[in-house]
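Beneath this line is the structure, given in structure tokens, with notes to follow.
Quick note: the coordinates plus some simple rules give every number you see, no bench work behind them. Computed from a prediction, not measured in an experiment: that's the story for all the values here. A quick note on method: Cβ atoms are made from the backbone with ideal geometry, for glycine too, and the neighbour counts reach across all protein chains shown.
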Amino acid sequence: MMSKLTAKGISKVYNGKEVLHEVDLELESGKIYGLIGRNGAGKTTLLSMLTAQNPVTRGSVTLDGKPMWENPEALEGVCFSRELNPVSPNGANTMKVKEYLRVAATFLPHWDREMAQRLAGEFGLDVGKRISKLSKGMMSMVTIVVALASKARFTFLDEPAAGLDVVAREKFYRILMEEYLDTGRTFVVSTHIIEEASDIFEEVIILDKGKLLLKENTQELLERSYHVSGHTEEVERAVSGKKVYHEETMGRSRGVTLLLQPGEELRPGYDVSIQHPSLQKLFVALCGEEAD
């Protein structure tokens, strides 16, 4: 049966400052979502509110129509594996990895102990080491093990690839995809490493300055995105009347990025180069000069 996790008009205010504004979001079971946005866009705040680790200031979050907040039945279906902070003074950093995993198991009713042990071995994680003594990459591996072994129907990962080298990142994405195909679980992955993760995101969610910019099928989004380049005057004629999100000028040449509306097309007959940008290039065009 298809489940839905629904946020309606959720906002968050800290110390009089609104960091998330009126976000409407529906997550369907059986998909991998990518959550991207610049630093400070509100990604971690959104994830913590969707999983009832942080109360909403306004709005509501429900799982299949049941409120998430202080509802053990609904909370059984979700896991938010947060990024560990190496300088945080909290209790997690004083624990050994095996103790941290044991605590996670008590909070996650569908915990798969065998899977946790297998993944720790695959990632070369020293479970006898204190979390505060781990490298950034090994800390990320702890959050990955918790997320995957939780077996939660809706699993949220906050920057799981941070600090991982390219080989470990490839392994993580492979294992994530295998688990998704085996179980049909829903994953929401927040990441700054957009290029290599974009292939596994069925849908992408972009946050910008605390607001939901878009939520769309990744392939369909990229198919209506264009980068048009060539002689300045020719490019201007080719994109006349279209909304330009980003442009670069070099001498008499110009390049622009467009996001056309569904059904809208570029007019043919101009001497310009037309390409579909990558998700990372599109994100940069939509959210600023450079991605963090």
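As an exercise, identify the trypsin sites (Lys or Arg not before Pro) in the stretch 1-37 lying in DSSP coil whose Cβ has no more than 16 other Cβ atoms within 10 Å. Mind dumping the intermediate values first?
Working: sites: LYS4, LYS8, LYS12, LYS17, LYS31; in loops: LYS31.
Loop-located and lightly packed - LYS31.
Within a Cβ distance under 15 Å of ASP112, other residues only, what is the Lys/Arg minus Asp/Glu net charge?
On the way: positive: ARG102, ARG113, ARG118, LYS151, ARG153, ARG185; negative: GLU76, GLU114, GLU122, GLU178, GLU179, ASP182.
Result for the neighbourhood of ASP112: 0.
Over all Cα pairs of the chain, how is the pair count split among 10 Å bins, expressed in % and running from 0 up to the last occupied bin?
Once binned at 10 Å, the Cα pair distances of the chain give 6, 26, 31, 22, 10, 5, 1.
How big, in percent, is the set of alpha carbon pairs in the stretch 224-287 lying more than 13 Å apart? Present the calculation step by step, with values, prior to reporting the outcome.
On the way: 1180 of 2016 pairs.
Above the 13 Å cut-off, the stretch 224-287 has 59 percent of its Cα pairs.
So for the stretch 114-246, if I pair up every lysine 8 or more residues apart or on another chain, how many of those pairs have alpha-carbons under 29 Å apart?
16
Can you tell me the dipole magnitude for the chain around its Cα centre, using point charges on the Cβ only (Lys, Arg +1; Asp, Glu -1), in Debye to the nearest 20? Let's see the in-between values first.
On the way: 36 positive and 42 negative charges, 214 e Å.
That gives a dipole near 1020 debye.
If you project the alpha carbons of the stretch 12-96 onto their three principal axes, what span does each projection cover, largest first, in Å?
Rounded to whole Å, the extents work out to 38, 31, 26 Å.
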